[in-house]
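**Student:** Here it is: the structure, laid out below.
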Amino acid sequence: MARPSRAVDSTFGTCERPGIRLRPDEVPSAEAERESSQPKARANRKAREEMSAPNKSYDPVEVEALKPEEIDRARDAALAAIAAAGDLEALREVKAAHAGDRSPLALANREIGALPPHARAEAGKRVGQARGAVGQALKKRQEELEAERDERVLVEEAVDVTLPYDRVPAGARHPLTTLMERIEDVFVAMGYEVAEGPEVEAEWFNFDALNIAPDHPARTMQDTFFVRGAEDGEDRDLADSGVVLRTHTSPVQIRSLLDREPPVYVICPGRVYRTDELDATHTPVFHQVELLAVDEGLTMTDLKGTIEHMVRSLFGEGLGTRMRPSYFPFTEPSAEVDMVCFVCRGESVGNPDRPCRTCSSEGWIELGGCGMVNPRVLTACGVDPERYSGFAFGFGIERMLMFRHNVEDMRDMVEGDVRFTRPFGMEI
Ligand code: DAH
């Protein structure tokens, strides 16, 4: 008599499929235990199993799983689940459920032994084919999903080699540089040329040709950095080297005149050096902008108009300039130039209610020195002073930056901290 179908061990619950039953030996029945403990009964059973037919252990309920429809159904379910697996993780679960040890087909496979011998080959073939089809489908889907994943990874993790290769923040151009370039632009627009000269300069260019006498105080080592010449030994007195770090941009006047035939119109911004201590209002390295115009018929009026144009271009309309008599060896006459304070526009003068920090309530801001080129300078450069005249000026860039932008401490300009330079913007 057929054994009634057994309850399925709950630990296998997830693997249970319709028509699939556990093998009889997986959960030993009381009868089996009894039998196996009795040698005689065991021998009988063995003999029974060895007989070709009928197979008494054949159990139609147990082998329900081997019915062709059941195998086809298990295979189709597996193939559908494989096709539906959307990613490798899902496929892994499908594989465990449909091709794992507890999958319907694996369980069915184990039932083959329960069939009568003549039916085993047939069932074995069918189960084998179904498992083969599932295995192949798994392999194919695995390959497809891997290819999809690789393609996705290539896109998602692609490295854009055209992007900046690091995240070091860009620095900022120094406002001294951009201010010098602005000044250059003002004059280039008027037809001037930008001229340059060396920072390590021959004493002759820096002093002699500019009519600065050998005993002039500026020529002492208290004011000027003397540089040992290339051929000088250690014992050579530095003050005799004839080489200095230029103390102003005026030597570029000389170089420009020697290089060109008049008319000459040049603007020369650049770095200069003096033996000052670094403090809030001095620095041993600073910047000047030099202007030189040499042509026929130039007068002080041209000089004044040129300076006013520059002030208008850099500070806006309506700010007057004035000249105060002064002395420079290379100009005659010489003057100091002031412009009306662009912050208070002169209104702070005598007005205690409106003090101005920029001009100290004086109403004027000093720009620098200027004058008509001394005929001795023209002569030193081979220019005929009877035919040509010239004007020149030299302004300090740091000073201009200080009052233009309310920079109170010059040291901020030399420390190279981008927190100082960045607020001036990225002027190109
Ligand atoms: N070179 C002078 C200085 O450094 C400034 C100067 C004054 C330049 C008058 C000039 C000028 O061209 O004409 O103090």
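The values are calculated or read from the model by the stated rules, or taken from the named source; none is laboratory data. These numbers were taken from a predicted model, which means no experiment stands behind them. With ideal geometry, Cβ positions are generated from the backbone for all residues, glycine too; neighbour counts draw on all protein chains shown.
**Student:** Can you name every one of the helices (runs of 4 or more DSSP H) wholly within segment 22-126 that holds 1 or more residues which are more than 60 Å from the chain's Cα centre (by Cα) and at pLDDT 80 or above?
**Tutor:** Counting at least 1 such residues, we get 68-84, 104-111.
**Student:** Related question: Of all residues in segment 355-369, which are in contact with a helix residue (DSSP H, G or I) (Cβ under 6 Å, 6 or more places away or on another chain) and part of a strand (DSSP E or B)?
**Tutor:** Correct list: ILE365 only.
**Student:** Hey, another quick one. Before we move on, is ALA213 in the same structural domain as ARG260 (by TED's automatic domain parsing), without any contact (Cβ under 8 Å) to a residue 60 or more places away in the chain and more than 30 Å from ARG404 (Cβ to Cβ)?
**Tutor:** So ALA213 fails the test.
**Student:** Also, I was wondering about something else. Just checking, which of GLU362, GLU366 is of a type in the set (Asp, Glu) and within 14 Å of the ligand (Cβ to nearest atom)?
**Tutor:** When all the criteria are applied, what remains is GLU366.
**Student:** When the residues of segment 374-417 are narrowed to those that are basic (Lys, Arg), more than 17 Å from CYS359 (Cβ to Cβ) and assigned to a helix (DSSP H, G or I), which ends up farthest from the ligand (Cβ to nearest atom)?
**Tutor:** ARG411
**Student:** What are the residues in segment 260-283 that are out of contact with any strand residue (DSSP E or B) (no Cβ under 6 Å at 6 or more places or on another chain) and touching a residue at least 24 places away in the same chain (Cβ under 8 Å), if any?
**Tutor:** Listed by number, the residues that qualify are GLY270, ARG274, THR275, LEU278, ASP279, ALA280, THR281, HIS282, THR283.
**Student:** Here is a follow-up. Please specify each residue of segment 288-300 satisfying the condition of being in a strand (DSSP E or B) and either of a type in the set (S, T, N, Q) or within 11 Å of the ligand (Cβ to nearest atom) (or both).
**Tutor:** Hits for segment 288-300 are GLN288, VAL289, GLU290, LEU291, LEU292, ALA293.
**Student:** Go through segment 324-347 and report how many residues are crowded, with 18+ Cβ neighbours inside 10 Å and more than 47 Å from the chain's Cα centre (by Cα).
**Tutor:** 5
**Student:** Output the number of the condition that VAL383 fails; it satisfies all remaining conditions of (1) buried (at least 19 other Cβ atoms within 10 Å of the Cβ); (2) modelled with pLDDT under 95.
**Tutor:** Just one mismatch for VAL383, condition (2).
**Student:** So, in segment 226-258, how many residues would count as being under 43 Å from the mean Cα position of the chain (by Cα) and within 16 Å of the ligand (Cβ to nearest atom)?
**Tutor:** 12
**Student:** Applying the selection to segment 262-289, what residues are at pLDDT 95 or above and touching a His at 6+ places or on another chain (Cβ under 8 Å)?
**Tutor:** Answer for segment 262-289, where residues must be at pLDDT 95 or above and touching a His at 6+ places or on another chain (Cβ under 8 Å): PRO269, GLY270, ARG271, VAL272, GLN288.
**Student:** All but one of (1) over 23 Å from ASN206 (Cα atoms); (2) surrounded by fewer than 17 Cβ atoms within 10 Å (Cβ to Cβ); (3) touching an Asp or Glu at 6+ places or on another chain (Cβ under 7 Å) hold for ILE365; which doesn't?
**Tutor:** Of everything listed in (1) over 23 Å from ASN206 (Cα atoms); (2) surrounded by fewer than 17 Cβ atoms within 10 Å (Cβ to Cβ); (3) touching an Asp or Glu at 6+ places or on another chain (Cβ under 7 Å), ILE365 misses just condition (2).
**Student:** Same structure again: Just one of the numbered conditions (1) among the hydroxyl-bearing types (Ser, Thr, Tyr); (2) outside any loop (DSSP other than H, G, I, E, B); (3) without any contact (Cβ under 8 Å) to a residue 12 or more places away in the chain is not true of THR421; which one?
**Tutor:** Just one mismatch for THR421, condition (3).
**Student:** Check off (1) of a type outside the set (Ser, Thr, Tyr); (2) loosely packed, with under 10 Cβ neighbours inside 10 Å; (3) within 24 Å of the chain's Cα centre (by Cα) for GLY191 and give me the number that stays unchecked.
**Tutor:** Looking at each condition in turn, GLY191 falls short on (3).
**Student:** Got at least one residue in segment 135-142 being in contact (Cβ under 8 Å) with a residue 24 or more places away in the chain and within 13 Å of ILE71 (Cβ to Cβ)?
**Tutor:** No, segment 135-142 contains no residue that is in contact (Cβ under 8 Å) with a residue 24 or more places away in the chain and within 13 Å of ILE71 (Cβ to Cβ).
**Student:** Continuing with the same structure: Which condition number does GLU151 fail, the rest of (1) at pLDDT 90 or above; (2) assigned by TED's automatic domain parsing to the domain that holds SER313 being met?
**Tutor:** (2) is the only condition that GLU151 fails.
**Student:** Tell me the residue from ASP223, ASP276 that is within 16 Å of the ligand (Cβ to nearest atom), more than 17 Å from GLY191 (Cβ to Cβ) and in contact with a Lys or Arg (Cβ under 8 Å, 6 or more places away or on another chain), please.
**Tutor:** Going through ASP223, ASP276 in turn, the sole match is ASP223.
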